[in-house]
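Here's the structure, in structure tokens; my notes come after.
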Amino acid sequence: MIVNSLVVSTMKFLFIFRTLNQFGKRNVTLVQLDVLSDESALQFAHAVQGALREQRACRGLVLVNNAGVHEDGWRQEVFDHMLGVNAWGAVRVTEAVLPIALAEGTGQRHVVAFVSSGLGKLRHLSRHYRELISGRLAKEQPPSATAADAVADAGRSWRDMMRNVVFDPNDADMMTGGPASYKLSKACLNAYARMLDAQLRSCHAPVAVRCCDPGWTRTDMGGPHANRSPEEAAASIEAALLDPSTGELEFSHYGQAQEW
């Protein structure tokens with residue numbers, strides 16, 4: 001278990017914040033965060049910085065990118081919303097928070113985790129999008145000089161890829177086998193996780209990247225018929241966080257490595 005930790009928990013809507021706040025514990029700080037907003041992400045990053053400075057004995061930062069939305073349909077507005085929250089949101093928060101944690105110089109190892117989905121596997125995409133993402137991942141990148149450079153380099157590589165990830169209303173293959181825009185958003189998230197991991201390892205940065213699929217879970221998004229409880233999903237995410245592996249990033253599902 002992850003114990004003796006200071007938790008900075010986030011949510012978008014204030015009315016939920018106020019409801020949960022009454023159950024807050026001394027080691028939990030609740031912060032409003034809109035992952036679609038650069039300003040909100042920076043405010044969250046400064047809240048994390050304050051928490052790190054207050055907890056000088058901390059063993060490092062554990063950032064869990066768990067914000068996500070699900071909507072069916074292959075339309076421009078759905079495409080934009082799915083990629084905006086599920087992919088760009090996680091990148092925005094990571095790029096705001098991780099450099100601050102590294103600059104604090106605690107000398108400890110940090111963990112950045114991305115909660116993804118099995119629907120984001122490349123085989124679930126159309127040939128066009130699959131080749132676009134896998135082709136970019138196959139390009140070898142020069143090593144980064146520092147951990148901060150690694151975050152920036154990964155972001156640039158990912159943005160280069162995303163310039164070509166545009167909505168194609170005529171891609172019939174994307175409309176089969178599940179929610180099209182959601183699948184693509186999670187595949188793009190996985191690609192960023194892999195790019196970030198590669199650049200951080202290239203400079204031996206004290207950061208472990210984790211990417212996991214907790215499974216179909218009985219939440220407001222997953223619905224009442226999902227096959228996993230929230231407790232089971234949380235346990236699988238915790239297992240990914242505690243994974244001591246130092247090699248190339250794997251896509252964890254129920255604690256087991258699976259295909260990308």
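The values are calculated or read from the model by the stated rules, or taken from the named source; none is laboratory data. Every value quoted in this text rests on a predicted model; they were computed, and no experiment measured them. Every residue, glycine among them, receives a Cβ derived from its backbone with ideal geometry; neighbour counts consider all protein chains shown. Side chains are part of the model used for accessible areas, which takes the heavy atoms of the whole protein and leaves out ligands, DNA and RNA. Shrake-Rupley method; radii C 1.70, N 1.55, O 1.52, S 1.80 Å.
Apart from one condition, Pro169 fits all of (1) open to solvent by 20 Å² or more (accessible area, probe 1.4 Å); (2) touching a residue at least 60 places away in the same chain (Cβ under 8 Å); (3) in contact with a helix residue (DSSP H, G or I) (Cβ under 7 Å, 6 or more places away or on another chain); (4) not in a helix (DSSP H, G or I); the exception is (3). Looking across the stretch 200-215 at every residue that is open to solvent by 10 Å² or more (accessible area, probe 1.4 Å) and assigned to a helix (DSSP H, G or I), the one that is farthest from His253 (Cα to Cα) is identified as Ser202. Among the residues making up the stretch 185-212, those that are among the hydrophobic types (A, V, I, L, M, F, W, C) and in contact (Cβ under 8 Å) with a residue 60 or more places away in the chain are Ala187, Cys188, Leu189, Ala193, Leu196, Cys203, Ala205, Val207, Ala208, Val209, Cys211, Cys212. Restricting attention to the stretch 121-143, does a residue exist that is among the small types (Gly, Ala, Ser) and surrounded by 20 or more Cβ atoms within 10 Å (Cβ to Cβ)? No, every residue in the stretch 121-143 fails to be among the small types (Gly, Ala, Ser) and surrounded by 20 or more Cβ atoms within 10 Å (Cβ to Cβ). For the stretch 172-199, taking the residues that are aliphatic (A, V, I, L, M) and more than 15 Å from the chain's Cα centre (by Cα), the one that is surrounded by the most Cβ atoms within 10 Å (Cβ to Cβ) is identified as Ala180.
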